[in-house]
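Read the structure below first, then the notes.
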Amino acid sequence: MASPADLERVGRASLTELGDIRIDDVLSFIDRGIENMPSYMDLYRRWESQQWAVSDIDFTLDRQDWIDASEGDRKATLWSHRLFFNGEERVTATLAPFVWASPTPEIEIFLSTQMVDEARHTAFFQRWWHEVVGTEAKDLTSLLKEIRPETNEGYNILFYDKLPALAQRLASNPKDFDAFVEGVTLYHIVVEATIALTGQRFELESMREQGLTDRGFYRGFTAVARDESRHVSFGIKVLQEAVREDAARYAPLIQQTLIESLPLISGTLDPPDPAYVTDYGHTESEIIEFAMESLNKRLRAIGINLAA
C-alpha cells in the first residue's frame with residue numbers, strides 16, 4: 001500500500017505529473033480510506049484539490065499512435081473505449097435522482113461533485129474520439145449513436161435497464177432510502193469499484209508496460225480513475241453506515257443486489273475476442289479474479305460478504 005507521502009503526491013498531481021503515477025497508487029486511496037474512512041466533506045475537499053480540465057490534454061502523440069496502429073490494436077482499443085465512453089454517459093444521465101434522494105446535505109454536496117466528474121469523463125472520451133480516432137460526428141448525440149458498443153446482454157441490462165430503473169425509483173420517491181442503498185450498491189460498488197476500476201487498472205498498466213505514459217490518454221484516464229476512487233470511497237461509506245445502522249435490513253438488500261449483478265460483472269468484462277486481452281499480456285481469468293478480489297475487499301470494509 002502507498003505511504004501517506006505517496007498518497008499526497010498522487011492526490012495533488014497535475015495532469016502532466018499523472019504521467020508518472022501508477023494506477024495501483026491511485027487505487028491505494030480506496031484502501032487507505034478503508035483503514036481511516038474520510039468524511040463526506042473530506043471527500044468534497046479532495047475533489048476541490050484534484051481538479052483537472054479536459055481541454056488541457058494534448059492528444060498529439062495519441063493521434064500518431066492511432067495512425068501507426070495495427071488493425072488488431074485499433075479494434076481492441078475501440079472495444080474498450082466504447083464501453084467506457086457509453087458507460088460514462090449512462091452514469092451521467094442517471095445520477096441526478098441520487099442527488100435529490102441524498103439523506104443529508106453533506107451527501108448531497110458530494111454527489112453534486114460526482115455529477116460534474118461524470119460529465120467531465122464523458123467530455124474526455126468525446127474529445128479523444130474527435131482528435132485521435134477522427135470521427136465526423138457533429139455533436140455528442142450523433143457520436144454516442146456512432147460508438148454505441150456491440151455488447152452482451154449483461155452490459156445492456158446493467159446500463160439500460162437496472163441503473164435507469166433505480167434512478168426512476170429515486171426520482172419518483174426521493175425518500176426511499178432502500179432504493180438509495182440499492183442504487184449506491186449498483187452504481188458505486190458494481191459499476192465503479194468492480195467494473196470500471198478493473199478495466200482502468202489493466203488498460204493503464206498495459207500502457208505503462210508499453211512506455212506510453214506520456215500520452216494524453218494515459219494522463220487523462222489516470223485522472224478519471226482518481227475521480228472514481230473518490231466515488232468508490234463514498235459508496236463504501238454510505239453502505240457501511242447503513243449496515244451499522246440496521247444490519248438486518250440493509251445487509252441482505254446489498255447482498256441480493258450484488259448476487260444478481262455477478263453475471264453482469266463477468267459479462268461486461270468479457271471481450272468479444274480473447275486477443276483484446278491476451279495480446280497485452282493478460283488473461284480473462286486474471287481480470288475477473290482482480291475484479292472479484294476488489295469487490296470482496298470493498299465488502300469487508302462495508303461489513304458484509306456475498307453469502308446470504
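The values are calculated or read from the model by the stated rules, or taken from the named source; none is laboratory data. In this text the structure is predicted, and so the values were computed from the model without any measurement. No Cβ is skipped: glycine too gets one built from the backbone with ideal geometry, and neighbour counts run over all protein chains shown.
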Given (1) within 18 Å of Thr198 (Cβ to Cβ); (2) surrounded by fewer than 15 Cβ atoms within 10 Å (Cβ to Cβ); (3) over 19 Å from the mean Cα position of the chain (by Cα), Asn305 misses just (1)
Six or more apart or on different chains, Cβ under 7 Å: which pairs go from a residue in region 234-260 that's within 17 Å of Thr194 (Cα to Cα) and touching a residue at least 24 places away in the same chain (Cβ under 8 Å) to one that's part of a helix (DSSP H, G or I) and among the basic types (Lys, Arg)? Could you list them? Ile236/Arg298
From the option list Ala123, Ala137, Ala76, Ala101, single residue qualifying as at pLDDT 95 or above, more than 21 Å from Ser229 (Cβ to Cβ) and touching a helix residue (DSSP H, G or I) at 6+ places or on another chain (Cβ under 8 Å) is Ala101
Scan region 117-133 and tell me whether some residue there is among the polar types (S, T, N, Q), more than 19 Å from Ala196 (Cα to Cα) and in a helix (DSSP H, G or I). no
If a residue must be among the aromatic types (Phe, Trp, Tyr) and either under 24 Å from Arg208 (Cβ atoms) or touching a strand residue (DSSP E or B) at 6+ places or on another chain (Cβ under 9 Å) (or both), how many such residues does region 20-63 contain? 3
Which numbered condition Thr222 misses (of (1) surrounded by 19 or more Cβ atoms within 10 Å (Cβ to Cβ); (2) touching a Phe, Trp or Tyr at 6+ places or on another chain (Cβ under 9 Å); (3) of a type outside the set (Lys, Arg)): (2)
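Of these, Lys162, Lys175, Lys138, which one is closer than 26 Å to Tyr40 by Cβ and outside any helix (DSSP H, G or I)?
Matching residue, one of Lys162, Lys175, Lys138: Lys175.
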Somewhere in region 50-57, is a residue in contact with a Phe, Trp or Tyr (Cβ under 8 Å, 6 or more places away or on another chain) and either within 23 Å of Asp117 (Cβ to Cβ) or polar (S, T, N, Q) (or both)? yes
Only one of (1) under 14 Å from the mean Cα position of the chain (by Cα); (2) farther than 27 Å from Glu150 by Cβ does not apply to Phe84, and that is (2)
Among helices (runs of 4 or more DSSP H) completely within region 243-302, the ones holding 3 or more residues that are surrounded by 13 or more Cβ atoms within 10 Å (Cβ to Cβ) and among the charged types (D, E, K, R) are 284-302
Only one residue in Arg90, Arg82, Arg148, Arg63 is of a type in the set (Lys, Arg), over 24 Å from Thr194 (Cα atoms), in contact (Cβ under 8 Å) with a residue 24 or more places away in the chain and in contact with a helix residue (DSSP H, G or I) (Cβ under 9 Å, 6 or more places away or on another chain), so which one is that? Arg63
Got a sec? Which of Glu118, Glu136, Glu71 is buried (at least 20 other Cβ atoms within 10 Å of the Cβ) and either without any contact (Cβ under 8 Å) to a residue 60 or more places away in the chain or in contact with a strand residue (DSSP E or B) (Cβ under 8 Å, 6 or more places away or on another chain) (or both)? Glu118
Among the candidates Leu299, Leu264, Leu306, single out the residue that is within 30 Å of Gln126 (Cα to Cα), of a type outside the set (Val, Ile, Thr) and at pLDDT below 95. Leu264
Restricting region 25-80 to residues that are aromatic (Phe, Trp, Tyr) and assigned to a helix (DSSP H, G or I), the residue that is nearest to Pro105 (Cα to Cα): Tyr40
Consider Ile107 against the criteria (1) assigned to a helix (DSSP H, G or I); (2) touching a Phe, Trp or Tyr at 6+ places or on another chain (Cβ under 8 Å); (3) surrounded by fewer than 18 Cβ atoms within 10 Å (Cβ to Cβ): it satisfies all of them except one. Which criterion is unmet? (3)
